[in-house]
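Input: a single structure, listed below in structure tokens.
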Amino acid sequence: MEVLLPKLPSFKFSSPICCCSISTRSSSYVKFGFRRFSSLSVCASTINEAVAEPSLGSPSLGHTTRPHFPILHQEVNGSKLVYLDNAATSQKPTVVLKTLQSYYEAYNSNVHRGIHFLSAKATDQYEAARRKVASFINASDSSEIVFTRNATEAINLVAYSWGLSNLKRDDEIILTVAEHHSAIVPWQLLAQKVGAVLKFVNLNQYEIPDMDKLKELLSRKTKLVVVHHVSNVLASVLPVRDIANWAHDVGAKVLVDACQSVPHMTVDVHSLNVDFLVASSHKMCGPTGVGFLYGKIDLLSSMPPFLGGGEMISDVFLDHSTYAEPPSRFEAGTPAIGEAIGLGAAIDYLSGIGMQTIHDYEVELGRYLYERLLSIPNIRIYGPAPSEKIKRAALCSFNVENIHATDLATFLDQQHGVAIRSGHHCTQPLHRYLGVNASARASLYFYNTKEDVDNFIQALNDTVNFFSSFK
């Protein structure tokens, strides 16, 4: 069935109403949405943004922070934009945009190899961003943070540098069927090179990767366990600290894909005791084009270079070269300087709000989304149902019977200005396991509100009714 949708894209920007500022330090309490939180503790030098006056009662965290994100205040296809595609990428606050602009306008220069003022300032800010990342995830030292293009490159770095040096024929790598392609394909390529064996953990009855099965698969043949922290489809949260302990008991290393956790909750690599962890800037209010790898320093120090070129060397001779210490060893060539500095600004912004505040707000907003979606006829939501014991991340992947996910997403966008994602979300093995080839996904961030959810549900009901009318 082909449906012609007559509306053509149109864009109108409206200015948010901004009439009060975030308290820089206060012992008073502000009610953020569903429960009481102490008012935002924000460094005024980092965030000097206005916030919207609530229409009724005290503002939720979403209402308080929305004015910081210019892109949210526009109309798309004649409707107010409702952005619910945060698992794919987050929007950027003004402070991050201004940081990028300031770098390119005021001190654009290459880092580490210049003695002039601009180069020195760029180097200082670039390395400050590395220290901010290290502090944000509680790494022991900034030398354990390697800047990469994205999390995908970070995983490939580990595969080619650590993997090729440490894995051999019949060694085993354990993954789950719910991993992102970027956490599967590099290990397939590596396994083809060295003869290693990939073993996959299926889902349990709650549609969570089965931890009992994972424990059963562990053996002295296991050399690496690769898992997500939060699933970008199922919204499930894995017990990473337990997984790390189980893996270490058999001498295996652990790599964690934390792209869906670092932006949304406190992540402490020291407490989790993982060997490697990767994340992307663009999912945590930072620019695209930069991500990071955390690695324990003893592991990074033992690994050969991933790419060759400038910056990663100590000395170069005609017949051989010696290499720099980590992290420089893994950052060949000119890095994404402005983007890394922008990531540092994003971390300042998130830290100013507080990751526990963000997490608590999102847990309840995510539950609200899940419960509202249950009102849609013939809907199937993937992943565990929220309960006292099972916490879901603030996203829902779903299908509505007899309506393709892409048709849902297209109609929502063109007729209602609602942005969600459709497709396999870079998890084709998981979708095959679930018996579908695609799903629709609505994913939240702290700048979303209950009104966003309500508008989405109203639009989804209209969308379902529209397609159902053709039956």
Which count do you get for residues in region 59-89 that are touching a His at 6+ places or on another chain (Cβ under 7 Å) and under 18 Å from residue 281 (Cα atoms)?
1
Can you say whether residue 147 is in contact with a Pro (Cβ under 7 Å, 6 or more places away or on another chain) and either aromatic (Phe, Trp, Tyr) or assigned by the TED database to the domain that holds residue 455 (or both), as far as the supplied structure shows?
yes
If I ask for residues that are touching a strand residue (DSSP E or B) at 6+ places or on another chain (Cβ under 7 Å) and open to solvent by 20 Å² or more (accessible area, probe 1.4 Å), which ones from region 167-187 would you list?
170, 180
Please indicate, with yes or no, whether at least one residue in region 96-106 is surrounded by 21 or more Cβ atoms within 10 Å (Cβ to Cβ) and closer than 27 Å to residue 260 by Cα.
yes
It is to be established whether one or more residues within region 239-261 are in a strand (DSSP E or B), closer than 25 Å to residue 346 by Cα and among the charged types (D, E, K, R).
yes
What residue, among those in region 422-467 that are of a type in the set (Val, Ile, Thr) and under 23 Å from the mean Cα position of the chain (by Cα), is nearest to residue 90 (Cα to Cα)?
449
Within region 168-218, restricting to residues that are outside any helix (DSSP H, G or I) and without any contact (Cβ under 8 Å) to a residue 12 or more places away in the chain, the one that is nearest to residue 156 (Cα to Cα) is 210
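Yes or no, residue by residue, for (1) closer than 30 Å to residue 394 by Cα; (2) in a helix (DSSP H, G or I); (3) outside the structural domain of residue 456 (by the TED database):
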| site | (1), (2), (3) |
| --- | --- |
| 97 | yes, yes, yes |
| 102 | no, yes, yes |
| 114 | no, no, yes |
| 123 | no, yes, yes |
| 127 | no, yes, yes |
| 130 | yes, yes, yes |
Here is a list: 319, 348. Which entry is more than 30 Å from residue 438 (Cβ to Cβ), touching a residue at least 24 places away in the same chain (Cβ under 8 Å) and open to solvent by 20 Å² or more (accessible area, probe 1.4 Å)?
348
Pair list, Cβ under 7 Å, 6 or more apart: region 244-262 residue farther than 29 Å from residue 281 by Cβ, other residue open to solvent by 50 Å² or more (accessible area, probe 1.4 Å) and assigned to a helix (DSSP H, G or I):
246/215
Could you go through region 416-423 and let me know if any residue there is part of a helix (DSSP H, G or I), more than 14 Å from residue 207 (Cβ to Cβ) and open to solvent by 40 Å² or more (accessible area, probe 1.4 Å).
yes
Would a scan of region 378-396 turn up a residue that is in a helix (DSSP H, G or I) and of a type in the set (Val, Ile, Thr)?
no
Looking at (1) out of contact with any helix residue (DSSP H, G or I) (no Cβ under 8 Å at 6 or more places or on another chain); (2) modelled with pLDDT of 95 or more; (3) more than 30 Å from residue 395 (Cα to Cα), which is the one condition that is false for residue 283?
(3)
Restricting region 60-93 to residues that are under 21 Å from residue 351 (Cα atoms) and open to solvent by 20 Å² or more (accessible area, probe 1.4 Å), the one nearest to the chain's Cα centre (by Cα) turns out to be 89
For residues in region 429-471 being in a loop (DSSP other than H, G, I, E, B) and either more than 19 Å from residue 69 (Cα to Cα) or outside the structural domain of residue 401 (by the TED database) (or both), which is most open to solvent (accessible area, probe 1.4 Å)?
471
Going by the conditions given, is residue 402 open to solvent by 40 Å² or more (accessible area, probe 1.4 Å), touching an Asp or Glu at 6+ places or on another chain (Cβ under 7 Å) and touching a residue at least 24 places away in the same chain (Cβ under 8 Å)?
no
Test: residue 156 is without any contact (Cβ under 8 Å) to a residue 12 or more places away in the chain and open to solvent by less than 60 Å² (accessible area, probe 1.4 Å)
no
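The values are calculated or read from the model by the stated rules, or taken from the named source; none is laboratory data. Only a predicted model underlies this, so the values are computations on that prediction, with no experimental measurement involved. Cβ atoms come from the backbone with ideal geometry, glycine included; neighbour counts cover every protein chain shown. These accessible areas exclude ligands, DNA and RNA; they are computed on the full protein's heavy atoms, side chains included. Shrake-Rupley method; radii C 1.70, N 1.55, O 1.52, S 1.80 Å.
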